[in-house]
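Working notes, structure below.
The values are calculated or read from the model by the stated rules, or taken from the named source; none is laboratory data. What you are looking at is a predicted structure, and each value in this text was computed from that prediction instead of being measured. Please note: Cβ atoms are built from the backbone with ideal geometry, for glycine as well, and neighbour counts cover all protein chains shown. Quick note on the areas: whole protein, heavy atoms, side chains included, nothing else; ligands and nucleic acids left out. Shrake-Rupley method; radii C 1.70, N 1.55, O 1.52, S 1.80 Å.
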Amino acid sequence: MRLKNIPGSREVIGASGFVEHEPEKWAGRWRERFGNDYPVRVEIGMGKGQFLMELARRNPQINFIGIEKYSSVLLRAVQKMEEEPLPNLCFVRMDAQELENVFGEGELDRIYLNFSDPWPKERHAKRRLPSSAFLDRYDRILKADGELEFKTDNRALFDFAVEELAGTAWRVRELTYDLHRDARLNEGNIMTEYEEKFSALGNPICKYIIFREK
Ligand code: SAM
């Protein structure tokens, strides 16, 4: 994805109360951070936050954490939260490679990946968020019956993601190659910024929901 550096974004993020600046401190204790006993769900690579904010609005009894690598992108989500603070949502600026330092074993109820960067070069395959290297990380921080949801319009990345499940304990609960034409799976679907953009171009949206067989 092309990134525009927005001057001052690091400072705004650094001073924002909607961003958790010491996420490691809450590993295994995120419910305490939210001050309740609700389940905790995470979107990795949340971008400008449209999906997660709507999810948090619709589900006040679930805690949501949005993870984003770049301040310039996270800035827009922070600005939206300033206009409409949501008590069950907070953001963390971090690289998903560090997930295990920030979440305890089995702490999360669900993980969302939406329109993850494709990293098309083979030598970068391990950086793809639905790669087996990342699935191992998710395995440790998701609770036993936790789920991982992944949406993309990138068919090559989706095929890769499905192939990565072979030989693992991950199993497919739901899968579609055209989410918006699947009335059952599309019910209650919340569009991300990328989903709006690419479905408007006519691209079908692929989605899977996976879980682990224990
Ligand atoms: N999920 C949003 C959507 O669907 O509109 C944004 C999609 S955008 C293509 C991918 C986002 O993931 C970018 O904002 C990027 O900075 C973020 N990202 C990519 N790799 C990441 C990583 N390893 N850790 C955290 N964020 C990451």
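How big is the C-alpha Rg of the range 1-117 next to the rule-of-thumb value 2.2 N^0.38 Å, as a ratio? Each step should come with its number before you reach the end.
Values: Rg = 13.2 Å, N = 117, 2.2 N^0.38 = 13.4 Å.
Ratio of Rg to 2.2 N^0.38 Å for the range 1-117: 0.98.
Here r is the Cβ-Cβ distance between Arg29 and Trp119 and R0 is 35 Å; the resulting FRET efficiency, rounded to 0.05, is 0.60.
Could you check how much of the accessible area of the chain is carbon and sulfur, as a whole percent, using a 1.4 Å probe?
Values: 5100 of 10900 Å².
Carbon-and-sulfur percentage of accessible area, whole number: 47.
Note that the range 114-154 shows a convex hull volume over its alpha carbon atoms of 65 Å³ per residue. Using only alpha-carbon positions in the range 66-148, the gyration tensor eigenvalues give semi-axes of 23, 19, 10 Å once each is multiplied by 5 and square-rooted (largest first).
Projected over every direction and averaged, the convex hull enclosing the alpha-carbon atoms of the range 38-100 yields 3.9 nm².
Amide H contacts for Ile6 (H built 1.01 Å from N in the peptide plane; partners 5 or more residues away or on another chain; cut-off under 5 Å): Ser72.
Given a 1.4 Å probe, how much area per residue of the range 66-179 is accessible, in Å²? Don't skip to the end; give the middle numbers.
Working: 5070 Å² over 114 residues.
Roughly 44 Å² per residue, with all protein chains present.
In this simple spin-label approximation, Val172 and Asp95 carry label points 7 Å from Cα along the Cα→Cβ vector, and these lie 3.2 nm apart.
Mean residue ellipticity at 222 nm, helices only, the chain: -8500 deg cm²/dmol; runs of at least 4 DSSP H residues each add -39,500 (n - 2.57), and the sum is divided by the number of residues. A Förster distance of 22 Å, applied to the separation of the beta-carbon atoms of Ala144 and Asp37, puts the FRET efficiency at 0.75. Normalised by 2.2 N^0.38 Å, with N the number of residues, the alpha-carbon radius of gyration of the chain equals 0.98.
Listed by chain and number, the lysines placed with their C-alpha closer than 30 angstrom to that of Lys48 are Lys4, Lys25, Lys69, Lys80, Lys121, Lys126, Lys143, Lys151, Lys197, Lys207; residues fewer than eight positions away on the same chain are left out.
So if each residue of separation counts as 0.36 nm, and I subtract the Cα-Cα distance between Arg57 and Arg184, what length gain in nm does that give? Display every interim value, and only then the final one.
Values: separation 127, 0.36 × 127 = 45.72 nm, distance 2.19 nm.
The span from Arg57 to Arg184 would gain 43.5 nm if fully extended.
Ordered by 1.4 Å accessible area with all protein chains kept, Lys214, Lys197, Lys207 run largest first as Lys214, Lys197, Lys207. On the principal axes of its alpha carbon atoms, the range 126-214 extends 37, 27, 20 Å, with the longest extent given first.
Determine the distance separating the Cα centre of the range 1-43 from the Cα centre of the range 129-195; give it in Å without decimals. The two parts, judged by their Cα centres, are 23 Å apart.
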